[in-house]
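**Student:** Pasting a structure below so you can have a look.
The values are calculated or read from the model by the stated rules, or taken from the named source; none is laboratory data. Owing to the predicted nature of the structure, the values given are computational and were not obtained by experimental measurement. Methodologically, a virtual Cβ is constructed for each residue, glycine included, from the backbone with ideal geometry; neighbour enumeration extends over all protein chains shown. SASA here: full protein model, heavy atoms, side chains in, ligands and nucleic acids out. Shrake-Rupley method; radii C 1.70, N 1.55, O 1.52, S 1.80 Å.
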Amino acid sequence: MELKILYVKDGGDELKERIVLQAADDCDIGTYVLFNTVYDGKYISNKIRYSFWFPNKDVKSGDKIIVYTKKGKEKFKENRDRNSSYFFYWGLDTTIWSKGEDCAGLIKIEEYIAKTINV
């Protein structure tokens, strides 16, 4: 995978809680979904509590991708080391990385099918 999860920072703090990822290779992050689930010490759950599908955005190897749990507007910053940092906002009203059993997962989607449902 071209992205890797580095760490969660300030878990449980509604204003600062975020998860930090890094690009291990050049890629479009729009093929990735980040999700929150639980871990029982041995297995991760198959029940996804929250998910964040990244928008299409080309990033370069070494770039950081930071996802804040709170609401906000997407931002970009060029760093001194010539890499970039991309800031995204999940838009949630609650923290999701505050308990020991919380688990972050990352899925790369090569293909998908979507269908609108008419009621």
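**Student:** With just the Cα atoms defining each centre, how far is the range 64-119 from the range 1-62? Give it in Å.
**Tutor:** The two parts, judged by their Cα centres, are 6 Å apart.
**Student:** Note down the relative contact order for the chain as a percent, whole number, built from C-alpha pairs under 8 angstrom at least six residues apart.
**Tutor:** 29
**Student:** Can you tell me which of 101-112, 25-36 comes out highest on packing, and rank the rest after it, using the mean Cβ neighbours within 10 Å?
**Tutor:** Listed from highest to lowest mean packing, they are 25-36, 101-112.
**Student:** Provide the per residue accessible area, probe 1.4 Å, for the chain, rounded to a whole number of square angstrom.
**Tutor:** 68
**Student:** Follow-up. Under 12 Å Cα to Cα from LYS9, which aspartates and glutamates show up? Leave out anything in the same chain fewer than 8 places away.
**Tutor:** Partners found: GLU17.
**Student:** Please label the shape of the range 1-44 as rounded, prolate or oblate, based on the square roots a ≥ b ≥ c of the eigenvalues of the alpha-carbon gyration tensor (a/c under 1.5 means rounded; beyond that, a/b larger than b/c means prolate, else oblate).
**Tutor:** The shape class here is oblate.
**Student:** With +1 on each Lys and Arg Cβ and -1 on each Asp and Glu Cβ, and nothing else charged, work out how big the dipole of the range 12-119 is about its Cα centre, in Debye to the nearest 20. Could the numbers behind the result be given before it?
**Tutor:** Values: 18 positive and 17 negative charges, 56 e Å.
Approximately 280 debye in magnitude.
**Student:** Can you list the residues of the range 8-51 with backbone N under 16 Å from a point 7 Å past the Cα of GLU2, pointing along Cα to Cβ?
**Tutor:** In the range 8-51, the label zone of GLU2 (backbone N under 16 Å from the point 7 Å along Cα→Cβ) covers 21-34.
**Student:** Work the Kirkwood hydrodynamic radius out for the chain: mean of 1/r over every pair of different alpha-carbon atoms, inverted, in Å. Spell out each step's value before the answer.
**Tutor:** Numbers: mean 1/r = 0.0658 Å⁻¹.
Answer for the chain: a Kirkwood hydrodynamic radius of 15.2 Å.
**Student:** Which lysines, if any, have their Cα less than 17 Å from the Cα of LYS115, not counting same-chain residues under 8 positions apart?
**Tutor:** Of all the lysines, none pass the test against LYS115 - Cα under 17 Å, at least 8 places apart if same chain.
**Student:** Going Cα to Cα from LYS42, which lysines come in below 19 Å? Please leave out same-chain ones fewer than 8 positions away.
**Tutor:** Partners within reach: LYS99.
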